[in-house]
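See structure below.
Values quoted throughout were computed directly from the atomic coordinates according to the rules given, and no laboratory measurement underlies them. Every value quoted in this text rests on a predicted model; they were computed, and no experiment measured them. Methodologically, a virtual Cβ is constructed for each residue, glycine included, from the backbone with ideal geometry; neighbour enumeration extends over all protein chains shown.
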Amino acid sequence: MENIIILAIESSCDDTSAAVIQDGVLLSNVTASQGVHEEFGGVVPELASRAHQLNIVPVVDAALKRANTKVNQLSAIAFTRGPGLLGSLLVGTSFAKGLALANNIPLVEVNHLQAHILAHFIQTATETKASPNFPFLCLLVSGGNSQIVLVKSHREMEIIGQTIDDAAGEAFDKCAKIMGLPYPGGPWIDRLAKEGNPEAFLFSKPNIPGYNYSFSGLKTSFLYFLRDNLKENPNFIEENKADLCASLQKTIIDILTNKLKRAAKDLKINEIAVAGGVSANSGLRDALLDLGRRHRWTVHIPPFSYTTDNAAMVCQAGYFKYLDGEFCPMDAAPYAKTKI
Ligand code: KG4
C-alpha cells in the first residue's frame with residue numbers, strides 16, 4: 001500500500017494537536033498548549049474544552065499546510081478516542097467526525113496510551129531512529145498514568161503493573177504545588193533538581209506488591225516533612241529548594257525504576273522503553289541509560305517533542321491501524337477511561 005496520508009487529532013487533555021503522516025513518515029506535528037490553566041494549579045476541564053474549540057481549526061489547518069496536504073488527499077482521519085477528559089475528547093472526536101463525514105474519509109480511533117508507546121516508531125524525513133524490538137517493556141509515565149506495559153506487537157499490549165493511586169506526574173505536580181512552584185510542576189522540579197543534592201533528604205518509598213506503584217504516600221510524607229520543618233524555619237523551602245527537588249525526584253525515579261528492574265529480570269526482557277510526559281525528566285532519562293549500561297538493556301528514549309501529548313503519536317498509531325484495515329464507525333463516542 002502506498003501514498004497513505006493520515007491526519008490525526010489529539011485533544012485528550014490540555015494540548016490541541018494535529019499531525020500528518022505519509023507512508024509512515026511524519027510530515028507535520030502542530031500543538032497549541034493551553035496557558036489558561038496555570039493560575040489554577042491544574043487542568044480545569046471546562047476551560048480545556050473551550051480552549052480546544054478555539055484552537056482546533058487553526059491547528060488542523062496549520063498541520064495540513066505544513067505537510068503541503070489538502071483534505072481531499074487524506075486516506076483517513078485518526079483521532080484520540082480516550083482515555084482523557086470527556087469534554088476535551090468530544091471536541092477532537094466531533095471535529096474528526098465532521099471532517100470525515102463531509103469529505104467521505106474513513107475514521108480511525110486511537111487509544112491515547114497506546115499512542116504514547118507507539119511514539120517510539122515515529123520516523124521523519126530527516127531523523128530515523130531505531131524502533132524497539134518486540135516484545136519490549138514500556139514504562140508509561142504521565143500526569144494520569146504510571147504503568148509498566150508489556151508490548152508484544154503494535155496492537156497487543158498488556159499492563160503488568162500500574163499505580164493504585166496517584167500517577168508519577170501527579171506526584172511531581174502535587175509536591176511542586178506544595179513548594180509553591182507553578183503548574184505543571186514536573187519540569188520545574190527537573191530544572192531545580194539539577195542544582196541540588198539528591199541525597200540531602202530521605203523520603204520513604206512504598207512497599208506495594210508485584211509491579212504496581214503508589215505515589216500518594218510520598219506526597220503526604222513530603223507535605224508533613226515540609227510542615228514540620230517550616231515550624232522551625234519559615235524559610236525552609238526557599239533555603240532548600242534545589243535539594244528538596246533533587247531528593248524528591250530521586251525518590252520518584254527509584255520507585256519507578258525498582259519495579260521496572262524487577263519486571264525486566266522476571267520476564268527476561270532487555271528491550272526497555274519509556275513514554276509519556278514524565279519521560280521528559282532528565283533524571284529519569286539518565287537513570288534509565290545508566291541501568292541500560294549495567295543490565296545490558298537496549299533503552300529507547302523518545303525525542304522531547306513526543307513525550308508530552310502530541311498528535312504525531314496518534315498519527316503513528318492510526319497509520320498502523322489503517323494498515324490493519326481497522327476503521328471506526330461514525331457513531332463512536334469518546335471514553336474517559338479505558339484499558340490500553
Ligand atoms: O503525558 P502528559 O503530557 O499528559 C498527561 O498525562 O496529562 O504528561 C504531563 C505530565 C505532568 O504531570 C508534568 O508535570 C509531567 O508530565 N512532566 C514532567 C516533565 N515534563 C513533563 N515531569 C517531570 N519532569 C519533566 N521534565
If you go through the stretch 106-138 one residue at a time, how many are hydrophobic (A, V, I, L, M, F, W, C), farther than 17 Å from residue 307 by Cα and surrounded by fewer than 19 Cβ atoms within 10 Å (Cβ to Cβ)? 2
Only one of 256, 260, 284 that is aliphatic (A, V, I, L, M) and either away from the ligand (no atom under 16 Å from the Cβ) or surrounded by fewer than 17 Cβ atoms within 10 Å (Cβ to Cβ) (or both): 260
Pairs, please: C-beta under 6 Å, at least 6 apart or cross-chain, first residue within 17 Å of residue 40 (Cβ to Cβ) and in the stretch 157-183, second in a loop (DSSP other than H, G, I, E, B) and within 15 Å of the ligand (Cβ to nearest atom)? 169/142; 169/143; 173/184; 177/41; 183/41; 183/42
Subset of the stretch 10-29 (residues that are within 16 Å of the ligand (Cβ to nearest atom) and of a type in the set (Val, Ile, Thr)): 16
Members of the stretch 84-111 found to be closer than 19 Å to residue 14 by Cβ and without any contact (Cβ under 8 Å) to a residue 40 or more places away in the chain, listed by number: 94
Give the residues of the stretch 278-299 that are in a helix (DSSP H, G or I) and among the β-branched types (Val, Ile, Thr), sorted by residue number. 278
Tally up the residues in the stretch 287-326 that are more than 16 Å from the ligand (Cβ to nearest atom) and out of contact with any helix residue (DSSP H, G or I) (no Cβ under 8 Å at 6 or more places or on another chain), please. 14
